[in-house]
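Nothing in this text is a laboratory measurement; each read-out follows from the coordinates by a stated rule. Not measured: the values here are computed from a predicted model. Every residue, glycine among them, receives a Cβ derived from its backbone with ideal geometry; neighbour counts consider all protein chains shown.
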């Protein structure tokens, strides 16, 4: 059972792994950032997270808010690792990797990455 702990969760390590697994499993389109992911997909990710972790119902809002706040940098970190390696990870669909590669080679992305 998890509990909110200021801006995080307790226990943090297992919950962070669950969050990462949810994001990886449901990242099926080439979204460049968390904010580009439609709310409906983000809600599916959170619902999946709820199947992996439990908490008291009084913490629902704070857990969901913390999920949103932590998923954004987690996705950025995952995508940066892919960009740095230049190789498709097992969790990423081939067409998503190809689309991200095309985006990363555009003039829109170059100033962001420098």
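Only a single criterion out of (1) assigned to a helix (DSSP H, G or I); (2) surrounded by fewer than 15 Cβ atoms within 10 Å (Cβ to Cβ) is not satisfied by residue 29, namely (1).
The set of residues from the range 18-40 being free of Cβ contacts under 8 Å to residues at least 60 places away in the same chain and within 11 Å of the chain's Cα centre (by Cα) comprises 18, 19, 20, 21, 22, 23, 26, 31, 33, 34, 35, 37.
For the range 41-91, the candidate set comprises residues that are in contact (Cβ under 8 Å) with a residue 60 or more places away in the chain and part of a helix (DSSP H, G or I); within that set, the residue that is surrounded by the most Cβ atoms within 10 Å (Cβ to Cβ) is 63.
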